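Since the structure comes first, as structure tokens, the remarks are kept for the end.
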Amino acid sequence: MQYISESQKMPFIIRVPVITDAARALAYIRDVCGETEFLNLSPEDIKFSLKEEKEYLEKMTTGSNSMLFIAEIKGEIAGIVSINGVQTIRRRHIGILGLSVKKECWNRGIGTALLEKILGWVKENTLLKKIMLHVHEKNDRAIRLYRKYGFIQEGLLRMDRYTGGEYHNTIVMGLMLD
Ligand SMILES: CC(C)(COP(=O)(O)OP(=O)(O)OC[C@H]1O[C@@H](n2cnc3c(N)ncnc32)[C@H](O)[C@@H]1OP(=O)(O)O)[C@@H](O)C(=O)NCCC(=O)NCCS
């Protein structure tokens with residue numbers, strides 16, 4: 001499906017990735033982890049091989065309670081959203097949300113479109129009953145976006161991450177599905 005940002009007139013598409021996207025997805029993850037301290041991983045933590053990335057994409061797009069979409073601008077990955085479903089029987093009704101957009105593409109509605117896309121997929125999924133996420137306490141942009149779509153704060157993990165020479169808390173947010 002093609003989306004066009006009104007303000008920037010920059011069309012982007014959102015689609016399920018295929019195995020041949022693995023190398024670009026790996027490069028994308030390395031880039032975005034270096035652009036923001038709001039993600040859990042630093043670029044040095046990205047040690048997955050291309051083979052592992054292919055296996056990850058396969059697992060995420062074929063599992064019963066997991067899914068991943070990419071946003072693409074002119075063949076380049078501009079954003080990724082994922083729901084990683086918990087695999088244990090007692091908790092497989094929970095999906096963990098991950099979302100990122102390349103910094104040069106912020107504020108064009110890509111994050112919103114990706115979130116809407118995955119929440120639409122979630123509504124059709126019969127296993128998932130709850131979506132959870134972890135967000136850096138200073139990440140106002142992301143927190144505002146999640147609140148807009150009904151996520152509420154469920155907890156606070158104190159001193160959960162070390163960025164910019166300081167320890168920071170992590171906010172745990174959840175969305176219950178009808
Ligand atoms: C969070 C993120 C995904 C948002 O992506 P985006 O493509 O810029 O999002 P959008 O353009 O759809 O804008 C989302 C909202 O943020 C708002 N926003 C922009 N700048 C803001 C700021 N400084 N403070 C608060 N809200 C802000 C926008 O106004 C918009 O809300 P609105 O539609 O009500 O106006 C993106 O900033 C990102 O990838 N950040 C780094 C990684 C990250 O933090 N991921 C989330 C981890 S939990």
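Derivation of every value follows stated rules applied to the coordinates shown; laboratory data play no part. Remember, predicted model here, so these are calculated numbers, not experimental data. Quick reminder, even Gly has a Cβ in these numbers, built from the backbone with ideal geometry, and neighbours come from all protein chains shown.
Could you line up 100, 66 from fewest to most neighbouring Cβ atoms inside 10 Å? Please list the in-between numbers first.
Values: 100 23, 66 20.
So the residues, fewest neighbours to most, are 66, 100.
Hey, can you grab everything whose amide H is under 5 Å from the amide H of residue 94? Only 5+ residues off in sequence or another chain; H modelled, so Pro and N-termini drop out.
For residue 94, the qualifying residues are 86, 129.
What does the extension gain come out to for residue 134 and residue 169, with contour length at 0.36 nm per residue minus their alpha carbon separation? Walk me through the numbers before you get to the answer.
Working: separation 35, 0.36 × 35 = 12.60 nm, distance 1.01 nm.
Taking 0.36 nm per residue and subtracting the Cα distance, the gain is 11.6 nm.
Could you tally the net charge around residue 29, taking each other residue with its Cβ under 13 Å from the Cβ of residue 29, Lys/Arg +1 and Asp/Glu -1?
Details: positive: 24, 30, 47, 102; negative: 21, 31, 35, 44, 45, 52, 53.
For residues surrounding residue 29, the net value is -3.
Please work out whether the stretch 1-61 counts as rounded, prolate or oblate from its C-alpha gyration tensor, where a ≥ b ≥ c are the square roots of the eigenvalues and a/c under 1.5 means rounded, while otherwise a/b larger than b/c means prolate and anything else oblate?
Numbers: a/c = 2.85, a/b = 1.33, b/c = 2.15.
Because a/c hits 1.5 or more and a/b fails to exceed b/c, the stretch 1-61 counts as oblate.
Once you order the gyration tensor axes a ≥ b ≥ c over the Cα atoms, which shape class does the stretch 1-149 get: rounded for a/c under 1.5, otherwise prolate or oblate by comparing a/b with b/c? Numbers along the way, then the final one.
On the way: a/c = 1.31, a/b = 1.15, b/c = 1.13.
In terms of gyration-tensor shape, rounded.
Within 15 Å, Cβ to Cβ, of residue 124, how many net charges do the neighbouring residues add up to if Lys/Arg are +1 and Asp/Glu are -1?
Numbers: positive: 117, 123, 129; negative: 116, 178.
Value of the local net charge: +1.
Taking the Cα centre as origin and putting +1 on Lys and Arg beta-carbons and -1 on Asp and Glu beta-carbons, what dipole magnitude results for the chain, to the nearest 20 debye? Intermediate results must be reported in sequence, preceding the final value.
Details: 26 positive and 22 negative charges, 90 e Å.
Dipole size: approximately 440 debye.
Using the Karplus curve 6.51 cos²θ - 1.76 cosθ + 1.60 with θ = phi - 60°, what ³J(HN,Hα) values do you get for each residue of the stretch 34-40, in whole Hz, with x for Gly and Pro?
Result, rounded to whole Hz: x, 8, 9, 8, 7, 8, 5.
With +1 assigned to the C-beta of every Lys and Arg and -1 to the C-beta of every Asp and Glu, and no other charges, what is the dipole magnitude of the stretch 23-104 about the Cα centre in debye, to the nearest 20?
Working: 12 positive and 12 negative charges, 84 e Å.
Result for the stretch 23-104 is approximately 400 debye, rounded to the nearest 20.
Rounded if a/c is under 1.5, else prolate if a/b beats b/c, else oblate: with a ≥ b ≥ c from the C-alpha gyration tensor eigenvalues square-rooted, which is the stretch 65-178?
oblate
Past the 28 Å Cα-Cα mark, which pairs from 74/129; 59/129; 51/102; 47/103; 74/117? Present the calculation step by step, with values, prior to reporting the outcome.
On the way: 74/129 35 Å; 59/129 20 Å; 51/102 23 Å; 47/103 22 Å; 74/117 19 Å.
Exceeds cut-off: 74/129.
Evaluate the charge dipole of the stretch 36-79 about its Cα centre and quote only its size in Debye, nearest 20, assuming +1 on the Cβ of each Lys and Arg and -1 on the Cβ of each Asp and Glu. Can you show the working numbers first?
Working: 5 positive and 9 negative charges, 35 e Å.
Result for the stretch 36-79 is approximately 160 debye, rounded to the nearest 20.
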